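The values are calculated or read from the model by the stated rules, or taken from the named source; none is laboratory data. Treat the numbers as computed from the prediction; the structure is a model and nothing was measured. Don't worry about glycine lacking a Cβ; one is built from the backbone with ideal geometry, like all the others, and counts go over all protein chains shown.
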Amino acid sequence: MQEPIIQFKHFNFKYQNLVDLSLKDINLDIFAGERILITGRSGSGKSTLLHAINGIIPLTNTGEITGNLSIRGVSPNPQHISEISNQVGTILQDQDSQFIGLSVGEDVAFSLENSCINTTDMQHIVKDSLNKVQMYEFIDYSPYELSGGQKQSVSLAGVLSASPEILLFDEPLANLDPQSVVNISKLIRQLNQDSHKTIIIVEHRIEECLEIGIDRIVVMDNGQIIQIGTPNEILKSNIFTRLGIRQPFYVEALQFASITPTVPLNDYQSITNLDSNDKTRLTQWALSLPTCNPNRETIVKNHILELKNISFHYTQNKPILQDINFTVRQGEIVSILGNNGAGKSTLTQVIAGIYHQNSGDILVNNTSISHQSIKERGQQIAVIMQNPNHMLVKTVVWDEVALGLANAELDSSIIHNKVEQALRVCGIWGYRNWPIAALSYGQKKRVTIASMLVLEPKILILDEPTAGQDLRTYHEFMKFIQTLAQTGIAVLIITHDLYLALEYSTRSLIMNNSRIIGNGSPNQLFMNDALLAQANLTEISLSKLAKWLNIAPDKFIASYIINKQHQGIY
């Protein structure tokens, strides 16, 4: 009988200074070569479980442990950390905390240098690792010049260079554009098939993860494992619906149509194997949805933000933004999409004054702000960065959220009410007295969002605000953003989530190679296959499903979303 490569037996963990257990009675066997997906709501203990496997617990994150955990028969305690690190490689959700080298090449070579690999072999391994993730052309770049998705790829290359037997991925898809998700998913699957590596992934994006060929899904809630099964078993159990976790949209469509398929549900391709009766019922259900205009119209309001001929470059030969022109009206929610490195984050940083454009003008309420400092612009424009650790300065959640009001000369009761409201809206009221260091990446992100919401800005810029969030928190937060927009606040959202753009944005901007190549209704833009391909975006599964059913995708998707809204699903 095969022995597990990783084994938890009645494992419990409690962070130091916390009363409640973060992991409760964990029993789990993982075998060599398996592809495991660990999912659950935000704060359910997923990342903590990974930290136990790679030795961060108890080496860095100290606390009380009971029960047993072994990796190849060895306990990952501080005495064995060197041995464990040779077997377990981790790609962190926060890539910046993983970088050591001054250049991409140096960073990938770091573990090889520690292992005294000769220069010739080292150069070959570094090149091979970077080529696997399509990042060799960036070998001389600083890691901090890269986009979030590019950093993710370099982190993976650095781990691959050491050839660990077990690969842990903490939200690996959160910061990637859709085509990069496809590429990374294929790469992870190939690593498993070619090298028989054990793959363990923590992720909320279940639909995309299924394309990796997941063997088993581990569902966690409140620090416990509540269900383990094959993708088919988990998808048909409706547990994701009960927990408020985003399930694949094609599975959700089957549930809405009251269809229980006899074929296995392992990925999107499996739905095309439905028998003729189920396909007919699904088609009839889709056609019965109330029709609506797929183009969202907004009440015409005044322009609050206008960019005129904006260009920006770090060096003369490396344009980051070229001839950017667009306007945003009061109350609009505008999503900004495009491939990693297209210039999306830089665009918002230029608007906020972090960088100054080389040409063009920026106007707020028809007044130029190009001459204003970051502080002056900050009175009207709030920016939530992609990486929450770049914004957090306090040690306790409440203090962080209240920080922006410290010099506002407000009554203490007003400050208390504003902070409480922001914490409740962002779903972190229960963590108000927690040390920030004990929070998950997604929880930290909500803290940064709350810290900006208390300031009541006119323009709110959010960089991947829902990455790493579970479905319930995602919808609660986006409904709050809609409420803000209704008061006249203009919202710009950088996202790779096409469904977010479809469900919540009134307009989308699509960027590629430093330019805006699409500006209009998300439903119309996302039906343009050539435009999607140019921007490294991929066709969503609902569109594929509509085509398979011979239904117009744009009208079906619009009706589908309206139907969910009418049912109160979000």
Would the stretch 234-257 turn up any residue that is in the same structural domain as Gln95 (by TED's automatic domain parsing), more than 16 Å from the chain's Cα centre (by Cα) and among the acidic types (Asp, Glu)?
no
Strands (runs of 3 or more DSSP E) completely within the stretch 150-264 that count 1 or more residues being in contact (Cβ under 8 Å) with a residue 40 or more places away in the chain, touching a Cys at 6+ places or on another chain (Cβ under 7 Å) and of a type outside the set (S, T, N, Q):
198-202
What tally of residues in the stretch 100-118 results from selecting those that are at pLDDT below 90, part of a helix (DSSP H, G or I) and out of contact with any helix residue (DSSP H, G or I) (no Cβ under 8 Å at 6 or more places or on another chain)?
1
Residue by residue through the stretch 224-248, note down the ones that are farther than 28 Å from Phe13 by Cβ and either of a type in the set (S, T, N, Q) or at pLDDT below 90 (or both).
Asn232, Asn238, Thr241, Gln247
Name the single residue that is farthest from His51 (Cα to Cα) among those in the stretch 63-78 being touching a helix residue (DSSP H, G or I) at 6+ places or on another chain (Cβ under 8 Å) and touching a residue at least 40 places away in the same chain (Cβ under 8 Å).
Arg72
Can you say whether Ile449 is under 21 Å from Gln349 (Cβ atoms) and either surrounded by fewer than 21 Cβ atoms within 10 Å (Cβ to Cβ) or not small (Gly, Ala, Ser) (or both), as far as the supplied structure shows?
yes
With respect to Gln179, is the statement that it is under 25 Å from Ile494 (Cβ atoms), at pLDDT below 90 and of a type outside the set (D, E, K, R) true?
yes
Please specify each residue of the stretch 478-496 satisfying the condition of being crowded, with 22+ Cβ neighbours inside 10 Å and not aliphatic (A, V, I, L, M).
Thr495, His496
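Quick check on this structure: which one of Ser97, Ser70 is assigned by TED's automatic domain parsing to the domain that holds Leu146, at pLDDT below 85 and either of a type outside the set (A, V, I, L, M) or in a helix (DSSP H, G or I) (or both)? If you could, list the steps in order and put the result at the bottom.
Details: Ser70 fails: at pLDDT below 85.
Going through Ser97, Ser70 in turn, just one is assigned by TED's automatic domain parsing to the domain that holds Leu146, at pLDDT below 85 and either of a type outside the set (A, V, I, L, M) or in a helix (DSSP H, G or I) (or both): Ser97.
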Within the stretch 313-372, which strands (runs of 3 or more DSSP E) (wholly inside it) include 1 or more residues that are touching a Pro at 6+ places or on another chain (Cβ under 8 Å)?
333-338
So Asn27, is it farther than 13 Å from Val202 by Cβ and in a strand (DSSP E or B):
yes
